[in-house]
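*Asks:* Starting off with a structure, shown below.
Please treat every number below as a calculation from the coordinates, not as lab data. Here the structure is a predicted model, which means the values were calculated and not measured. Backbone-built Cβ (ideal geometry, glycine too); neighbour counts: all protein chains shown.
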Amino acid sequence: MKKKFVVFTTLFVFSYAAFTQSVNRLQKPNVIYICSDDLGYGDLSCYGAVKITTPNIDKLSANGIRFTNAHSTSATCTPSRYAFMTGQYPWRRAGTHILPGDAALIIPTDKITLPKVFKNAGYATGIVGKWHLGLGEHLNKNWNGEIKPGPNETGFDYSFIFPATADRVPTVFVENHHVIALDNADPIEVSYEKKVGNDPTGKEHPELLKMKSSHGHDQTIVNGIGRIGFMSGGKTARWTDEEMPLTFLEKAKQFIEDNKQHPFFLYYALTEPHVPRMPSTMFKGKSILGFRGDAILQLDWAVGEILNQLKASGIEKNTIIIFTSDNGPVLDDGYQDGAVTKLNGHTPWGPFRGGKYSAFEAGTRIPFIISWPGKIKPKISDAMICQVDMLASFSKLLHQNTPDSDVMDSESMLDALMGKSSKGRKILIEQGGALSVVKDNWKYIEPNNGPALQTETNIELGNAATPQLYDLLKDIGEKNNLAEKYPEKVKELAALLKHIKQKSSQ
Ligand code: NG6
Ligand code: CA
């Protein structure tokens, strides 16, 4: 009798444990965060584009929440991704500007990060795509050995990345700690100061280029395209621009299939439509907008492929997908690729002023869509949210305690993300060249001495020597500076910005 009881209890305990485990598993959704590079608010048909159609992202949007007031913290990549990873505004820390391809890692390895939140909650974590947050401890690292610290030391179990941007050397894939397909007899050397090796540069040999530069991008030529920075060696390891996004897609799909049995977090960092825009052969000429439009069609297709993979792996129901961009759009970012000449009336910046690099809204107002079949009801939300909030929001979803001091700028937007509330942040700091603060639809841009127009890209940077104040409710295009009319408002917001900035030195 006693034995029977023990067997029964043991069986009960085990099956109960298995039950709760499976419930936990059911309750913990997979999360895929898809971040495009330099995609504007107005670049998708679900956000009003009419010169280009993005059916796969539109589908995601129709089945999820499309945010109309979502932001990256910053109008360029490195600071924006720094904030996403750390939950802190990047301007609190020096050295978070656009990094060269040989920069050291700028994400602290001893602090909480977004992927660590998932890891602590029992998730498998992976990054596939653009990194641009530095690698290793030093500027002059050895690309031919073990490269660390990097994504694997900041919370990712698996990483398959390129180090910086598609237009910066080294143009290689790094899987976990190693450059792939490297021939030891042909080591890689990289410098951002002087020419290394004998590879031709765009400056010396423009006749070798398959796409001409319009500004910069005249150093080492890789795959017929002049890059930023000098590189030699690693010939077998260099990607071609046409295949690189397809490789990322394959790796992302593989990560999903490999991890379908347990909860995972995948940061899929697409390179499109960042320069150099050199789409795969199957997408060249598919849009009426030149290579920039073709690259957008390519990224939309990749999103569709991810959705198909989720179905094939049988996990589409229990997966949250977020689709967004790291900063606003730019047409001519340094190559003559037809983005300007074939614009055809397309408006990548949507109804906003400015673009990438700018303190005006188009710098940080980005597409942001979240979907979770059966859990999140489709809607359009005008809640003001920011990518810096992902850390606090997912900490909350996964019941993880993150110390406030580690993530002081991240606010949980979980209710807004789940569609349970239309309330977002009360206050947001935006970073173009200058900082702005937004509160109650008033936007104050602090005075600074930068140029009003970036002539190379033809983008209005939002810089002015005197304060700017806009009423975003009535003037979304930031055309009427009301600073002189409402000096008290200017004073209030300037003081608020100062106060938030000072939080850093405490
Ligand atoms: C700029 C590059 C631009 C782009 C940008 C970074 C030149 C002339 N311009 O310096 O092409 O690479 O840096 O873009 O070199 S980001 O999206 O990664 O922030
Ligand atoms: Ca970018």
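*Asks:* When the helix-only estimate is applied to the chain (DSSP H runs of n ≥ 4, each -39,500 (n - 2.57), divided by the residue count), what is the mean residue ellipticity at 222 nm, nearest 500 deg cm²/dmol? Please list the in-between numbers first.
*Replies:* Working: 9 runs with 117 residues, N = 506.
Calculated mean residue ellipticity at 222 nm is -7500 deg cm²/dmol.
*Asks:* May I pose another question? Work out which helices of the chain, taken as complete DSSP H runs, extend at least 24 Å along their axis over the Cα atoms and score a mean Kyte-Doolittle of -1.0 or more, then list them.
*Replies:* Working: long enough: 2-27 (37 Å, 0.40); 290-312 (33 Å, 0.22).
Within the chain the helices that satisfy the rule are 2-27, 290-312.
*Asks:* Sketch the reach of a paramagnetic label on Asp415 as a point 7 Å from Cα along Cα-to-Cβ, and name the residues of segment 387-403 whose backbone nitrogen lies under 15 Å away.
*Replies:* 393, 396-397
*Asks:* Hey, can you rank 129-139, 419-429 by average C-beta count inside 10 Å, highest first? Don't skip to the answer; put the middle values down first.
*Replies:* Working: 129-139: 21.7, 419-429: 16.3.
Per-residue mean Cβ counts within 10 Å order the peptides as 129-139, 419-429.
*Asks:* Output the antiparallel fraction of DSSP beta bridges having both residues in the chain, as a percent to the nearest 5.
*Replies:* Working: 35 of 66 bridges.
That works out to approximately 55 percent antiparallel.
*Asks:* Which one of Leu435, Leu497, Asn481 is farthest out on the positive end of the charge dipole of segment 429-502, using unit charges on Cβ (Lys, Arg +1; Asp, Glu -1) and the Cα centre as origin?
*Replies:* The one lying farthest along the dipole's positive direction is Leu497.
*Asks:* Could you sort 61-71, 383-393, 367-377 so that the peptide with the highest average Cβ count within 10 Å comes first and the rest follow in order?
*Replies:* Packing proxy ranking, top to bottom: 383-393, 61-71, 367-377.
*Asks:* Just to confirm my numbers, what's the Cα centroid distance between segment 221-263 and segment 123-200 in Å?
*Replies:* 11 Å
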